[in-house]
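Below is one structure, written out as C-alpha cells, with a few remarks after it.
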Amino acid sequence: MKLHVLLPALLLACAAQASLAADKVVRFAFRVAETGFDPVQTTDTYSKAVLAGILDAPLEYDLGARPFRMRPATAAGMPEISADFKTLTFRIRPGIYFADDPAFKGKKRELVAQDYVYSLKRHYDPRWKSGNLYLLENAQILGLSELRRELMAAKKPFDYDREVEGLRALDRYTFQIKLGTPDPRFIQNFSDAGTFGAVAREVVEFYGDKIMEHPVGTNAFRLKAWRRSSLIVLEKNPNFREMRYAEVAPPDADARLRAEVAALQGSRLPLVDRVEISIIEESQPRWLAFVRGEFDVIEEVPADFAGEAMPRGQLAPHLAKRGIHMQRYPRVDVAVSYFNMEDPVVGGYTPDKIALRRAINLAVDLDKEIRLVRRGQAVKSQGPVPPIAFGGSTEFKTEMSEFDPARAKALLDLYGYVDKDGDGWRDLPGGGPLVLEYATQPDAQSRQLVEQWQKNMDAIGIRMKFKVAKWPENLKASTAAKLQMWGVGWVGTTPDGDTFVAMGSSKAKGAANRSRFDLPAYEALYDRQKSLPDGPERQAVMQDAQRLLVAYAPYKFHVHRIWTDMAQPWVKGYVRNLFVRDFWKYVDIDTAALPRPQ
C-alpha cells in the first residue's frame, strides 16, 4: 500500500494514542493545514480557530442567540461607546490568569488592560507583517499609524512604550481607544480572539521569532502538542477562570438539542479535557474516519459525499439510525478566484484588461460548478457580500452570476484577444500567447474545480495552466503578490459585510484584498459605508461598491457555501454559531456512549 494512503490512518492512530491520557476528548479534522498560532501573523481561518480556543478577546458572541449578539468575555461588561462612535472604553475583569508558561518564570500572570494595549500595538509593528492591520488603520486609531510611519522612516524598531492618544491603559483593568473617524461597528473586532486576543509581552519577548509555535492565553485551552500540518492537540487550561455553561438553544434547535442544552446548564467549562485536530486534506479519508467513529464531529461534510450523507438535504436513514445528528447552515463566506491586478497579463484598468477579466468571468459555468463539484451545497454569488451578512441581499443581482460564453467570445474579439497564429488559441492584442496561470491545491475538490476551469477556458479558446502547491505555500505566495490567479474563500467573523467590501479596499492589499485592486472611486464608497450607521443608506452604498467590483472584475465571485456539520451520538450540546470559532468549549462527550474497542 502507498504511503499517501496510509498517512491519514497513521495520524489518527497517533491521535487515538494521545487520547488515552484524557477522560473526554473531542476529535475532528481540518481540511486545510494551519500556518501557525500568532494572532498578528496568521490570516487563515484554521489557525485562527485554534487561537480562539487559547486566547481571549474582551467580547464574544452568545452561542445560541439569534439574531447574533455579542456579550462580555474578559470584559466586566459591554464597553462604553461615545455618541460619535469615536471612543471605546473597556474594563477587564480582575482575577483572569494566563496559562502557566516558562516566560512567566514560575509566577501567576494576571490579564490586565495593558495586555490588550500591547496586543493591538503589535499589529503596527512592521516586524510581524500583520495581515490584519487594515482593520485598525481603517478606523484611524489616533497616533498609531503616525508612530509606525515615523519609526519605519527612521529605521528604528517599534516603540511599544511610547504612549499615543488613541490607545491607552487608564488603569490596571481599563483601556481606551480613540478613533479618528466614526466607526459604529469597530466594536465587533473585539469579539475575534483569533485576531485580537490578548497575548503577554513577556511571552512574545521570550519566544521571539518562534512565537508562532508558542501561543499562551487565558482561554479554556492551551497548546499541548503540534506536529505541523498533521496534528494539533489542545488540553484544558488549569488556570481557566470559573465559568459555567449557561447557553440557550438556538430557535431552530430540535427536541434532542434542547434537552442536551438543558442538561448541561451549570456545568463548569470547558466540558472536555482535550481537543485533537488532525489535518486531512482529502475528502474521502476525512469522511470515512467520521463514519467509522474515529472523529466525533465533521465540519462541512465533503460535497463528494453529500448524496450519501444527506440525500435531498435530509440526514440519511442509516446515519439517523446510528444517532448521528446534523446541522445545516449558510456560511458567511464567499468563494472567489482573484486576478492579480499588478500582473501584466490579467491586471490593469484599461478597457482591454477589464474586458479580458469580464470575458473570463462570463465563461465560468456556476451551475455546473454547484451541481458537479459542490453537489448543491452552495448558492451563486452576485458580489462579495453573502446574503446572510449586512450589505448582502437575496434581491441583489449582477452580471457576476451569468454564464454567457457567446458574450465572452464577443468581448475578447472586440478587444483584440484573437487567434493570430492559427494554433487554435487566443493571443494577446499586441501579439504573443495569452496564457492564464491559476494556483491551486492537490486535494480532490481543488482538482475538480480546476477541471471546470479548464473546460470553461477551452470553450472560449484561452490557454490555462495550473500551478499546484500546498495551501499554506499558496497563501504565502499570494501575500507576496506572486500569483496571477488563485481560488480562495473569505470568511466573515462578524454578521457585517464590511470585511467582504474590504476585498476591494486599497488599504487591505495582500490581506482581504488579495487582488490588490486600487480604485479611488471604490475607496470613497468603502470609506463612506464604514462611517454610516446600519440602515438603507449604508446598504445602498455597499451595493454600489459591489457593482464597481463586478464592473472592473478583479475577482470572479463564485458561490456562497452551505455547510452541513455532523456529530456522533455521544457528542452533547453541539451548537454551531458562525462567529464562535472554539465550539469545542461548549460540547460534552458522553463517555458511556462511546463505542467499545472490538
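The values are calculated or read from the model by the stated rules, or taken from the named source; none is laboratory data. If you're wondering where the values come from, they're calculated on a predicted model, not measured in any experiment. Virtual Cβ from ideal backbone geometry, glycine too; neighbours counted across all protein chains shown. These accessible areas exclude ligands, DNA and RNA; they are computed on the full protein's heavy atoms, side chains included. Shrake-Rupley method; radii C 1.70, N 1.55, O 1.52, S 1.80 Å.
List of remarks:
- The slack in the chain from Arg258 to Ala65, taken as 0.36 nm per residue of separation less the alpha-carbon distance, amounts to 68.1 nm.
- Other residues with beta-carbon under 12 Å from the beta-carbon of Leu51 carry, at +1 per Lys or Arg and -1 per Asp or Glu, a net charge of -3.
- Available extension along the chain between Ala406 and Tyr329 is 24.2 nm, counting 0.36 nm per residue and deducting the alpha carbon span.
- Sum of side-chain charges, Arg576 neighbourhood, beta-carbon under 10 Å (Lys, Arg +1; Asp, Glu -1): -1
- Here the chain yields Rg over Rh of 0.96, to two decimals, using C-alpha coordinates and the Kirkwood radius.
- Here the relative contact order of the chain, from alpha carbon pairs under 8 Å that lie six or more residues apart, stands at 19 percent.
- Over segment 67-124 - Rg/Rh using Cα atoms and the Kirkwood inverse-distance radius: 1.06
- CD proxy at 222 nm, helix term only [per DSSP H run n ≥ 4: -39500 (n - 2.57); per residue of the chain; nearest 500]: -8000 deg cm²/dmol
- In whole angstrom, segment 154-258 maps to an equivalent ellipsoid with semi-axes of 32, 25, 15, each derived as √(5λ) from the alpha carbon gyration tensor and ordered largest first.
- Values of log10 I(q)/I(0), in the order q = 0.12 Å⁻¹, for segment 486-565 under a Debye, Cα-only, solvent-free model: -0.34
- Taking every full run of DSSP H in the chain, the ones that stretch at least 18 Å from end to end by Cα along their long axis and average -0.5 or higher on the Kyte-Doolittle scale are 3-19, 536-552.
- Pairs of Cα atoms nearer than 8 Å and 6+ residues apart set the relative contact order; for segment 464-598 it is 15 percent.
- Low-density loop cleavage sites - GluC sites (Glu not before Pro) in segment 351-415, where at most 16 other Cβ are within 10 Å (DSSP): Glu395, Glu402
- Over all directions, the projected convex hull of the C-alpha atoms in segment 525-598 averages 9.1 nm² in area.
- For Lys353, a cut-off of 21 angstrom between C-alpha atoms picks up these lysines, skipping any fewer than 8 places away in its own chain: Lys409, Lys420, Lys465, Lys482, Lys509, Lys556.
- Report note on the peptides 39-45, 362-368, 518-524: ranked by the mean count of other C-beta atoms within 10 Å, highest first, their order is 39-45, 362-368, 518-524.
- Sorted largest first, the spans of the alpha carbon positions of segment 378-477 along the three principal axes are 49, 35, 22 Å.
- Calculated on C-alpha atoms, the gyration radius of segment 420-520 divided by its Kirkwood radius gives an Rg/Rh of 1.04.
- 12 Å beta-carbon shell around Ala225, net charge (K/R +1, D/E -1): +2
- Residues in segment 564-594 that a label on Gln265 would reach, taking backbone N under 20 Å of a point 7 Å out along Cα→Cβ: 572-576, 586-589
- Carbon/sulfur fraction of accessible area - the chain, other protein chains in place, 1.4 Å, %: 54
- Measuring r between the beta carbons of Ala76 and Arg168 and using R0 = 25 Å, the FRET efficiency lands at 0.90.
- Most tightly packed first, judged by the mean number of other beta-carbon atoms within 10 Å of their residues, the peptides 119-125, 588-594 read 119-125, 588-594.
- Spatial extent of segment 431-582: Rg and Dmax, with the Cα atoms as the point set, Å: 18.5, 64
- 1.4 Å probe accessible area per residue over segment 46-191, in Å²: 42
- Each label point was placed 7 Å from the Cα along the Cα-to-Cβ direction; for Asp352 and Thr479 their separation is 3.6 nm.
- Relative contact order [Cα under 8 Å, 6+ residues apart], segment 236-352, whole percent: 14
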